[in-house]
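The next block holds one structure in the form of structure tokens; read it before the comments.
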2 protein chains.
Amino acid sequence: MTENELPPAPETLAKQLKALADPKRLRILNLLMSGVQCNCEIGDALNMPANLISHHLRVLRKAGLVQVERDALDARWVYYSVNEEAIRALVAAFDAFFDLGRIQPRHPTCGPKRMKGKPPKKLIVKPL
Amino acid sequence: MTENELPPAPETLAKQLKALADPKRLRILNLLMSGVQCNCEIGDALNMPANLISHHLRVLRKAGLVQVERDALDARWVYYSVNEEAIRALVAAFDAFFDLGRIQPRHPTCGPKRMKGKPPKKLIVKPL
DNA sequence: GCGATAATTCAACAAGCGTTGAACTATTGG
DNA sequence: CCAATAGTTCAACGCTTGTTGAATTATCGC
């Protein structure tokens with residue numbers, strides 16, 4: 001990212017981070033990051049009941065982070081995979097947001113009276 | 001990251017993502033990403049009451065993502081800044097977790113009977 | 001048609017969480 | 001000492017969310 005680009009909208013980013021902010025969902029995604037899985041494979045690997053897996057996968061689906069396909073010959077089998085495009089975009093957005101190159105020196109618009117119009121004093125760390 | 005490194009523990013990552021998974025907290029962090037701020041500057045910029053800002057900053061502090069210092073000459077002023085080390089580590093962990101290079105072909109341990117011991121059929125997309 | 005299978009959805013519940021308003025703490029200056 | 005200031009903490013409330021158990025849906029093979 002260049003310094004002229006704006007970080008993504010907080011609402012959009014927060015929505016996707018919220019979908020990720022659960023250990024179980026991260027575990028599911030971790031499995032999918034290494035390859036396509038069906039509900040029962042995820043259940044075996046993570047010792048999770050099918051209904052809970054379905055619920056979590058629904059959250060991830062709604063967030064656009066996973067994709068779903070049925071087996072071509074036996075539709076009872078449903079396979080889940082990561083949505084590579086969405087992951088790629090999310091990583092880019094995340095990296096842009098937390099690009100440490102964005103940090104600028106402090107420009108006070110508020111502070112003790114003697115600080116107005118003057119360069120900021122050197123801060124010292126005091127225990128809170 | 002090399003392909004031999006493990007992704008971070010889901011609990012650790014989820015805890016930090018949970019701290020980020022709120023639009024208001026992302027807005028606060030966005031301000032801090034561009035420079036050190038005090039509570040009233042954040043409040044002016046985001047039109048948020050001081051107590052709510054304190055609450056959100058506490059969440060971010062607990063997650064280790066921001067740092068806090070008091071003004072050297074007037075301790076009423078408290079300045080917040082991003083914890084660069086923690087951000088750097090989080091970005092690295094996030095990128096490692098969602099490294100698309102991790103994706104492997106599917107190795108079925110479960111599926112329709114005719115699929116055992118055979119290469120996976122080509123999947124077709126059916127509406128769910 | 002029916003039993004088995006894979007998966008999804010629903011309902012209820014408890015826990016978690018963001019917000020509001022009030023109270024509190026610490027500091028400064030007159 | 002007291003008023004003003006910056007900031008933090010507390011309590012209550014309504015909303016959100018993860019989990020459990022049951023019910024449902026769709027599919028397959030006999």
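The values are calculated or read from the model by the stated rules, or taken from the named source; none is laboratory data. Note that the coordinates shown come from a computational prediction; the quantities given were computed from them, not determined experimentally. As a convention, Cβ positions derive from the backbone with ideal geometry for all residues, glycine included, and neighbour counts pool all protein chains shown.
Quick check on the stretch A:62-100: of everything there that is in a helix (DSSP H, G or I) and more than 9 Å from every other protein chain (Cβ to nearest Cβ), which residue is nearest to DNA strand D (Cβ to nearest atom)? Only one residue tops the list, namely A:Lys62.
Kindly check whether there is at least one residue in the stretch B:9-18 that is touching a Phe, Trp or Tyr at 6+ places or on another chain (Cβ under 6 Å) and either farther than 18 Å from B:Asp95 by Cβ or polar (S, T, N, Q) (or both). No - not one qualifying residue is present in the stretch B:9-18.
Comparison of B:Ala19, B:Ala9 shows that the only residue that is out of contact with any Gly (no Cβ under 7 Å at 6 or more places or on another chain) and at pLDDT 95 or above is B:Ala19. Restricting attention to the stretch B:59-76, the residues being near DNA strand C (Cβ under 10 Å from one of its atoms) and under 15 Å from B:Leu32 (Cα atoms) number 1. Every condition in (1) more than 7 Å from every other protein chain (Cβ to nearest Cβ); (2) closer than 22 Å to A:Leu31 by Cα is met by B:Arg58 except one, and the failing one is (2).
Matching residues to (1) within 12 Å of DNA strand C (Cβ to nearest atom); (2) closer than 28 Å to A:Ala89 by Cβ; (3) of a type outside the set (Ser, Thr, Tyr); (4) surrounded by fewer than 19 Cβ atoms within 10 Å (Cβ to Cβ):
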residue: B:Ser34; (1), (2), (3), (4): no, yes, no, yes
residue: B:Ile53; (1), (2), (3), (4): yes, no, yes, no
residue: B:Val78; (1), (2), (3), (4): yes, no, yes, yes
residue: B:Ser81; (1), (2), (3), (4): no, no, no, yes
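Checked against (1) farther than 21 Å from B:Phe98 by Cβ; (2) assigned to a loop (DSSP other than H, G, I, E, B); (3) not polar (S, T, N, Q), A:His55 passes all but a single condition, namely (2).
Looking at this structure, is B:Ile28 within 20 Å of the chain's Cα centre (by Cα), modelled with pLDDT of 95 or more and among the β-branched types (Val, Ile, Thr)? So B:Ile28 passes the test.
Total residues in the stretch A:9-23 satisfying the condition of being more than 8 Å from every other protein chain (Cβ to nearest Cβ) and either crowded, with 20+ Cβ neighbours inside 10 Å or within 19 Å of B:Ala96 (Cα to Cα) (or both): the figure is 2.
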